[in-house]
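Single-structure report; data block below.
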Amino acid sequence: MNTSTAITCVAALVLCSLALSANALQIEPRSSWGAVPARSPSRISGAVDYVIIHHSDNPNGCSTAEQCKRMIKNIQSDHKGRRNFSDIGYNFIVAGDGNVYEGRGFGLQGSHAPNYNRKSIGIVFIGNFERNAPSSQMLQNAKDLIELAKVRGYLKDNYTLLGHRQTKATSCPGDALYNEIKTWPHWRQN
């Protein structure tokens, strides 16, 4: 086997491994956390250009399914009530209990980053990540979710990854999480 063939084989194995990892990701449906139906969901056709990373800024985050589901429900109540959104603002929620929860889901416009909502997937990490980054499991779950979005055709292969602070004046997603995502392959300075 020559070097070129060996490199091709290794690349194919890596791509298969990424696809298997993404397909193994379990996303907890809206019903699992008691979501109230959205008032008027807006569909997005085709793959989007951006992933926007947020943190919920809850000081202690959550570590059990019960805690996480309660926090997600509270976020939805705040977004639909005080902020007058049609639903929870994020497409997906990465939680400290090891789960990824469906917010609005794939193919629906979020309310998480002005000027980017129609062309992005919004992912929020539950917790405050100013000083400490999320757990390695939370980070891997987010990476797997992004890969799944690509595999399923909801996210362009050449997407751009941004922290919420790159879309408006905010400290979100916290310094520690922002510094982490800056090391991911699709992060871009804007």
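Condition check ((1) modelled with pLDDT of 95 or more; (2) crowded, with 19+ Cβ neighbours inside 10 Å; (3) among the aliphatic types (A, V, I, L, M)) across all residues:
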site	(1), (2), (3)
S17	no, no, no
A22	no, no, yes
W33	yes, yes, no
P41	no, no, no
C62	yes, yes, no
E66	yes, no, no
Y101	yes, yes, no
A113	yes, yes, yes
Confirm whether N91 is under 14 Å from E28 (Cα atoms) and polar (S, T, N, Q). yes
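Are there any strands (runs of 3 or more DSSP E) wholly within the range 19-136 with 3 or more residues that are of a type in the set (D, E, K, R) and either without any contact (Cβ under 8 Å) to a residue 12 or more places away in the chain or closer than 24 Å to Y154 by Cβ (or both), and if so which? Steps first, answer last, please.
Numbers: elements: 48-55, 92-94, 100-102, 120-125.
So the answer is none; nothing clears 3.
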Tally up the residues in the range 159-190 that are in contact with a helix residue (DSSP H, G or I) (Cβ under 8 Å, 6 or more places away or on another chain), closer than 15 Å to Y116 by Cβ and assigned to a helix (DSSP H, G or I), please. 1
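The values are calculated or read from the model by the stated rules, or taken from the named source; none is laboratory data. In this text, all values refer to a predicted model and were calculated from it rather than measured experimentally. Virtual Cβ from ideal backbone geometry, glycine too; neighbours counted across all protein chains shown.
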